[in-house]
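The values are calculated or read from the model by the stated rules, or taken from the named source; none is laboratory data. All values reported here derive from a predicted model rather than from experimental measurement. So basically every Cβ, Gly included, is an ideal-geometry build from the backbone, and we count neighbours across all protein chains shown. For the accessible areas, the whole protein counts, side chains as well, though only heavy atoms, and no ligand, DNA or RNA atoms are used. Shrake-Rupley method; radii C 1.70, N 1.55, O 1.52, S 1.80 Å.
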Amino acid sequence: MRPPADAIGTLSLVVGAIAVLIFIGVEGALVFAIWRYRASRHVAGEPATFERNRRLEIAWTAAPALILAVIFVLTLGTMAEISGAGVTPAMRIAATGHQWWWEFSYGGVKTANELHIPLDTPIDLDLTSADVIHSFWVPELGPKMDMLPGVTNHLRLSARRAGSYEGQCSEFCGIEHAWMRIRVVVQTQSEFDAWLAVQSKPRTTVETDAEKIFLANICVSCHTIRGTDAKGTAGPDLTHVGSRVTIGAGVLENTDANIVANMRGWLADPQRYKPGALMPSVPLSNADLDALAAYLVSLK
Ligand code: CUA
């Protein structure tokens, strides 16, 4: 199947072309009338009137109705196509909106904010919300779809170009709505399989003193690190947090030279970067913060 964004793009072009033709027709008639009936060509006598001209009235009612009917049918066709009806998805991924981050679950393997999908493969996202209404939207890949508490909506995605696609929550969901970014990483099937194999494993480091700091603090109330006793589910699964490109759903880079400094800054005071975020500051000594930040970015 062609990617949903392609179908939407084609429909936009067709509707845009119809709108341009109407614009040219209406403006052309206007300019012609101004020129043809200008004052210097005034002809004596009453101007013609078109009151009660039934054929004219039928024509200017039928023409717009016909145009709208054509657009309606084209839209129905596009909606059917992008819903992926008749094409079985190769994979289902559960996506849950949270204030203010995204959870993606590949059959129990959880990650956050960065959705990886294989190239040229129809994927179905099963969308729901853990709290308020969010809306999943990656414009280059497909339409918007609301994420509602207690309801599961479905969204078909597929991409024919590998790379990173940016998206954004598109339903106001509270103070940090704007920092609810989505990154979709489209990979070849073998790259995707390798990525999923890594994500499926528990954390690969051995237990360190830094990990004990994590386990001894409130971090564990909200976060899971598979392979440890941390099993919280209110916040993102951190088993492989070091492999993500950003932290805080896009707030801070997690890849540049400041990777440990950014993580440390986030741990020390999340409210500084994302005011209203549900993550509290954890009162730790400077040495513990350094160690904890280095530990988390090492979770690849
Ligand atoms: Cu989630 Cu706006």
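For the range 165-187, enumerate the residues that are out of contact with any Phe, Trp or Tyr (no Cβ under 8 Å at 6 or more places or on another chain), closer than 22 Å to Val245 by Cβ and open to solvent by 50 Å² or more (accessible area, probe 1.4 Å). Result: Glu166, Ala178, Arg181.
What residue, of Thr61, Thr78, Thr49, is at pLDDT below 90 and more than 16 Å from the ligand (Cβ to nearest atom)?
Thr49
Of the helices (runs of 4 or more DSSP H) lying entirely inside the range 149-239, the ones with 2 or more residues being touching a Gly at 6+ places or on another chain (Cβ under 6 Å) are found at 219-222. Within the set Lys231, Lys212, the sole residue that is out of contact with any Ser or Thr (no Cβ under 7 Å at 6 or more places or on another chain), open to solvent by 20 Å² or more (accessible area, probe 1.4 Å), without any contact (Cβ under 8 Å) to a residue 12 or more places away in the chain and more than 29 Å from Pro122 (Cβ to Cβ) turns out to be Lys212. Filtered by the rule that a residue be β-branched (Val, Ile, Thr) and open to solvent by less than 20 Å² (accessible area, probe 1.4 Å), the range 96-120 gives Thr111, Ile117.
Look at the range 165-179 and say how many of its residues are out of contact with any strand residue (DSSP E or B) (no Cβ under 8 Å at 6 or more places or on another chain) and more than 9 Å from the ligand (Cβ to nearest atom). Number satisfying all stated conditions: 2.
Please work out if Ala33 is within 20 Å of Gly77 (Cβ to Cβ) and either assigned to a helix (DSSP H, G or I) or of a type in the set (Phe, Trp, Tyr) (or both). So Ala33 fails the test. The condition (being among the β-branched types (Val, Ile, Thr), in contact (Cβ under 8 Å) with a residue 60 or more places away in the chain and closer than 20 Å to Ala230 by Cβ) is satisfied by just one residue among Val245, Val282: Val282. For the range 131-164, enumerate the residues that are crowded, with 20+ Cβ neighbours inside 10 Å and more than 16 Å from the ligand (Cβ to nearest atom). Scanning the range 131-164 gives Leu141, Gly142, Arg156, Leu157, Ser158, Ala159.
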